[in-house]
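Where a number appears in this text, it was derived from the coordinates with a stated rule and is not lab data. From a predicted model like this one, the values you see are computed outputs, not experimental measurements. Here the Cβ positions follow ideal geometry from the backbone for every residue, glycine too, while neighbour counts run over all protein chains shown.
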Amino acid sequence: MATYKKRGYKPKKEKIVEEVEENFDESQSTTAEVFNTLDDTANKSEEWIEKNSKPLFLGLVTVAAVILGYLAYTTFISEPNEQEASNELAYPRTFFDKATTSAGTAADALYNTALTGGDGKYGFTDIASEFSGTKAGNLANYYAGISFLKMKKYEEAIEYLSNFSSEDELLGPTALGAIGDAFADINQPEDALAYYQKAAKKKSNDFTSPLFLFKAAQTAMALKEYNTAEKLYTSIKEKYATTDQGKDIEKYINSAKYAQ
C-alpha cells in the first residue's frame, strides 16, 4: 500500500524561534529606551542640583538654624523662665489661700498683698506681666482675676480673667463663670448670661456644667427670656438630674413654662 506524504509542510518550531527572537529584540530595545530615559533624568537632576546648589545649601542652613534656635530658646530661655515664674507664683498664692478662709477687711488685705506682692516678691499682677508667655504667668491671670472679683473690683476681674485660658476640667469653666459673675454684679445681665452659657459648655462635668446652666437659667428668667430659661433648666434635668441643681429642677422648668 502506498503511504501518503504531505508536501510543503514546514515545522512550527522555526516559527516559534523567530517570534522569540523578535520579542527578545523588542525587549532589548524597550529596556534600552528605559535606561536612556533614566540616564537623561539623572543628568537633568544633576544639572538642576548643580545649578541650584547654593540656594539648596542656604535652605538647609536656614532650617538647621531654625531648629538650633528653637532648641536654644527652649533650653536657655523658655524653660528657665517657666521655672522662675513657677517659683515666683508660690509667694502670692500663700496669701491667696489665706484670704479664701478669711472675711471682711482681713480678706481684702490678704488679696491685695497677693495681687501686689511684698518683701521684694512679685504679686499676681507682676507675674502675669513679667512672665506672660509662661504657664505660671497665665495662671497668675486667673488668680488675679479671682482676687479682684472677691474685692469687688469687677472691671479688673474681667480684664485678668479674660487674659486667662485653660483646657483644665475645672479652671477653664470656672474662669468663664467668674466673668459671668462680674458682669452680673455690674448689672450687665446679657453679658453675664453669655458667659454662664460659655462656662456650662466649656467642659461637661457634674460640677461646673449644672452650676453654670442654673446661673444662666436664673439670669434668663431675670431678663424675661423664659423660653431660653426653660431650655437651660431642661438641659439640667436631662444631663445632670442627680446633681444639687438637678434635684428640684422640675419646679424651675414649670416656673419658666408658666411665665411664657
*With Cβ to Cβ distances under 14 Å as the rule, what net charge do the other residues near residue 144 carry (K, R +1; D, E -1)?*
-3
*Return the FRET efficiency for the residue pair residue 83, residue 185: r is the Cβ-Cβ distance, R0 is 51 Å, and the value is rounded to the nearest 0.05.*
0.85
*Taking Rh as the Kirkwood radius computed over C-alpha pairs, what is the Stokes-Einstein D of the range 92-149 at 10 °C in a medium of viscosity 1.306 mPa s, expressed in µm² per second?*
144
*Using label points projected 7 Å from each Cα along Cα→Cβ, tell me how many nm separate residue 204 and residue 238, to one decimal.*
1.1
_Given axes a ≥ b ≥ c from the Cα gyration tensor, I'd like to know whether the range 136-252 is rounded (a/c under 1.5), prolate (a/b larger than b/c) or oblate._
oblate
*Going down the table (152/239; 231/251; 98/121; 150/247; 153/247), which pairs top 24 Å between alpha carbons?*
152/239; 150/247; 153/247
*Please find the FRET efficiency linking residue 259 to residue 170, where r is the Cβ-Cβ separation and R0 is fixed at 30 Å, and quote it to the nearest 0.05.*
0.40
*Local charge sum around residue 208 (other residues, Cβ-Cβ under 15 Å, Lys/Arg +1, Asp/Glu -1)?*
0
*How far, in nm, would the chain grow between residue 100 and residue 248 when pulled straight, counting 0.36 nm per residue and subtracting the alpha carbon separation?*
50.3 nm
